[in-house]
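Some notes on the structure that comes next.
The values are calculated or read from the model by the stated rules, or taken from the named source; none is laboratory data. All of these numbers come straight from a predicted model, not from anything done at the bench. Cβ sites come from the backbone with ideal geometry, for glycine too, and all protein chains shown count toward neighbours. Side chains are part of the model used for accessible areas, which takes the heavy atoms of the whole protein and leaves out ligands, DNA and RNA. Shrake-Rupley method; radii C 1.70, N 1.55, O 1.52, S 1.80 Å.
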Amino acid sequence: MHTEIIKIDMAVPDWDKQLDKAAEVLKSGGLVAFPTETVYGLGANALDEKAVKSIYKAKGRPSDNPLIVHISDINALEALVGSIPAAAPRLMKAFWPGPLTLVFPKSDKIPSIITAGLDTVAIRMPSHPIALALIRKAGIPIAAPSANSSGRPSPTLAKHVIEDLAGKVDIIIDGGNSMVGLESTVLDIIPAQPVILRPGGVTQEQLRQLLGDVGMDPAITNGQSSASAPRSPGMKYRHYAPKAALLLFQGGNDSVAAEICRRAALYINEGTSVGILATDETKALYEPSMHLSSRMLSLGSRLKPEILASNLFRCLREFDEKAVEVILAEIPESDGIGLAVVNRLMKAAGGNIIKV
Ligand code: TXA
Ligand code: MG
């Protein structure tokens, strides 16, 4: 399949006209990758079972992992959900459009391929102007997982989507960098006390301010799938992962850096190329031990977890570009969106955590 790349510069007047073709492609059952404020999404008509099937195929996604339905207008909600739980209006008012996905009871209109057979449906209204304009022009709800091959780090730039999906989708819209850099928070609002199923762009602290207490799926903090079935099925896979093996190190900054340097030297002796994922506060600790076949990237300052979030997936992909074979990474603090950063690192490492 030929994939057309459409680059959009929102500084140009009438930039949204460039979305007309993509909207037509969506209406006629095709696949369009587009930027959102979290990560790039791979969109199809949510009400067209065949189109949705082709999303799973292009990504190589397991069919038991349900998709988020994206809308541009609150009036679209009613047809998609069975009922509107009590917490929904406040949450939508505070956080939509934006990086919060809400889990509702589903209506009969939603094909079961979207929900992987669940009787619930996850819905979000993205805030990225290109995403909103595209959904509005298409005039249909858009099912969209992250636009990566299943298991790979989510794309925050069009070039990441091109790497994974060129030749497998009709159109890729290049709208520059995704600002948040990791996915939306998934919140189950069906229980009386809503539960975070996936930490993301809207933080637990922000949700608590609005709702009082919110629950947290235990699988989020232990980095593993819970013994029982995870309530957000996508969270059970090794996910967000670079091609390189990823090892995480937990402990005080100095002891973590010392252990990472020790192991890096061992790998390099064996002829294995090493990547070190550091932060601005710690990068000087590694500089003396850097070697020709080691690379270091900083996620940014630990004082700004939003910056760590915005750089995480790009850095993991950059190590792959540099053909790094093993990545040794610090675990930063988990305040605010830092919780989502740590969660994605743990998933990407598939449980390889070394306490020092
Ligand atoms: O930020 C985002 O949410 C991005 C952009 C493109 O909008 N999308 C995204 O989709 O991350 P995806 O498919 O990569 O992740 C969807 C997550 C998975 O963990 C999935 O299990 C969960 O949402 N999910 C979808 N429907 C659900 C449902 N009915 N109940 C519980 N979890 C659900
Ligand atoms: Mg994904």
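Per residue, the accessible area of the chain comes to 40 Å² when a 1.4 Å probe rolls over the protein heavy atoms. 3J(HN,Hα) along the stretch 14-26: 6, 4, 5, 4, 5, 8, 4, 5, 4, 5, 5, 4, 4 Hz, from the Karplus curve 6.51 cos²θ - 1.76 cosθ + 1.60 with θ = phi - 60°, whole Hz, x for Gly and Pro. The local environment of ALA23, defined by Cβ-Cβ distances under 13 Å, has a net charge of +1 under the rule Lys, Arg +1 and Asp, Glu -1. The calculated FRET efficiency for ASP254 paired with LEU211, based on their beta-carbon distance and R0 = 41 Å, is about 0.55.
Report, in degrees rounded to the nearest 10, the 0 to 90 angle that the Cα long axis of helix 129-138 makes with the longest principal axis of the chain. Rounded to the nearest ten degrees, it is 30. Ligands, DNA and RNA left out, the 1.4 Å accessible surface of the chain is 52% carbon and sulfur atoms.
Relative to the first principal axis of the alpha-carbon coordinates of the chain, what is the inclination of helix 305-321, with its axis defined by its Cα atoms, in degrees from 0 to 90 and to the nearest 10? Taking the Cα atoms of the chain, the angle to 305-321 is about 70 degrees.
Note on the stretch 245-355: Kirkwood radius taken over Cα pairs, Stokes-Einstein applied at 4 °C and 1.567 mPa s, translational D equal to 94 µm² s⁻¹.
Helical runs assigned H by DSSP (4 residues or longer) give the chain a calculated mean residue ellipticity at 222 nm of -9000 deg cm²/dmol, each run adding -39500 (n - 2.57) before division by the residue total.
Counting only protein heavy atoms and using a 1.4 Å probe, the accessible area of MET290 comes to about 60 Å².
Stretching the chain fully between GLU24 and GLU321 yields a gain of 103.5 nm (0.36 nm per residue, less the alpha carbon separation). Convex hull volume of the C-alpha atoms in the stretch 1-103, normalised per residue: 141 Å³.
Rg and Dmax over the alpha-carbon atoms of the stretch 119-169 stand at 12.7, 36 Å. The long axis of helix 338-349 is offset from the longest Cα principal axis of the chain by roughly 70 degrees. Global dimensions of the stretch 4-222 from alpha-carbon coordinates: Rg and Dmax equal 16.3, 48 Å. The overall shape of the stretch 121-229, judged from the alpha-carbon gyration tensor, is prolate: a/c is not under 1.5, and a/b is greater than b/c. Figure note: HIS239, HIS2 ranked by solvent-accessible area, largest first, 1.4 Å probe, ligands and nucleic acids not counted: HIS2, HIS239.
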